[in-house]
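Since the structure comes first, as structure tokens, the remarks are kept for the end.
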Amino acid sequence: MKNGCLNLKPLTIAFIKITFKCFGLLPLPILRFCGKCLGYFFWGLSPKYRFQFNKNWDQAKKFDKNRKMVNSKKFKAVVHPTVFFLESIKIWTQVNCNNFVIRENEGLLRKLKGKPQGLICLSPHVGSFELAPRVFSEVMPMTVLYHPPKLPELNQLLLEYRKKPDLDFVATNYSGVKLLLKVLKNGGSVGVLPDQVPPRGAGKWTPFFGKMAYTSTLVVKLAKITSAQIVWITCIRYKKGWKFSAELWDQSFSKEIDENEILINLNKKMESLIYKNPEEYLWGYDRFKKPKVN
């Protein structure tokens, strides 16, 4: 109570926690069904979301030679953000999600564990990028770069749910990047969302689905400084849970190779991952927006 007014912030946080806990207790099929209903409702209610979704979807569809982006996939993709959000609540509030995950190529990660040059893990906005680092951290500790919400209370709440003994998060700023570099030099592993639009000065304009997108150069710089190997990790939805997979990227980062060429290959790799599972990409994300000044 302050000046006779009720301070709502602690109550709001408490309400969010209780709500999350209740949703987290729901069986996964019911949670996904609720997410689909919410997704179609949001689709009908938000012209802005429909516009951004359709613009990005149509842009990618122009280059879809194998017809992966058919109309049936689009209807599934429309509800992915809300299904993803409700799934994330279960992931955050459950002590262990092992029963819901099938692991593919986990042996690759065990082979790469303990490499002195460290390991960079890339997980684009495909599938459950909330679950992927959790599964990875069961093999080896990981430090993930993330973009903090503007509200400090919300940021603190998300960190409370996301952090685990072997999974840490650092903000997308100079201190955060400096810490990632330190982790790699100590032979640790770091996680980065490579398709997030970086601040002005931290990226280059590179083709993505045939349109110029401002692409972060951080991954290239980290790899060139540390000689760390790069692994793509994803958690793709299936009927009973998710399928986790890991794939070593054979891209060379020698000084002779131009940075622009590497960024083009980076975006091509992300395109291939998206085309494999177009219904699980966040098409409403404004990937082609102009970067902000940090």
Q: Would you check if LYS224 is over 24 Å from SER137 (Cβ atoms), open to solvent by 10 Å² or more (accessible area, probe 1.4 Å) and in a helix (DSSP H, G or I)?
A: yes
Q. Within the stretch 191-211, restricting attention to residues that are over 13 Å from the mean Cα position of the chain (by Cα) and open to solvent by less than 50 Å² (accessible area, probe 1.4 Å), which residue is farthest from ALA228 (Cα to Cα)?
A. PHE209
(Q) Restricting to the stretch 273-289, give me the number of residues that are in a helix (DSSP H, G or I) and over 10 Å from LYS68 (Cβ atoms). (A) 2
Q: Report, ordered by the first and then the second residue, all pairs with beta carbons closer than 6 Å, sequence separation of six or more or different chains, a first member in the stretch 189-216 that is within 15 Å of ASN173 (Cα to Cα), and a second member that is at pLDDT below 95 and among the β-branched types (Val, Ile, Thr).
A: ARG200/VAL293
Q) Looking at (1) outside any helix (DSSP H, G or I); (2) free of Cβ contacts under 8 Å to residues at least 24 places away in the same chain, which is the one condition that is false for LYS68? A) (2)
**Q.** Residue list for the stretch 60-91, restricted to those being aromatic (Phe, Trp, Tyr) and over 19 Å from GLY39 (Cβ atoms)
**A.** PHE63
Q) Applying the selection to the stretch 96-122, what residues are closer than 24 Å to ILE225 by Cβ and either part of a strand (DSSP E or B) or modelled with pLDDT of 95 or more (or both)? A) LEU119, ILE120, CYS121, LEU122
Q) Which condition number does LYS182 fail, the rest of (1) within 19 Å of ILE264 (Cβ to Cβ); (2) assigned to a helix (DSSP H, G or I); (3) modelled with pLDDT of 95 or more; (4) open to solvent by 10 Å² or more (accessible area, probe 1.4 Å) being met? A) (1)
Q | Filter result for the condition that a residue is modelled with pLDDT of 95 or more, open to solvent by less than 40 Å² (accessible area, probe 1.4 Å) and not hydrophobic (A, V, I, L, M, F, W, C), over TYR161, TYR214, TYR146 | A | TYR214
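The values are calculated or read from the model by the stated rules, or taken from the named source; none is laboratory data. Fair warning: this is a prediction, and the values are worked out from it, not measured in the lab. All Cβ positions, glycine included, derive from the backbone under ideal geometry; neighbour counts span all protein chains shown. The protein model used for the area step is the full one, side chains on, heavy atoms only, and it has no ligands, DNA or RNA in it. Shrake-Rupley method; radii C 1.70, N 1.55, O 1.52, S 1.80 Å.
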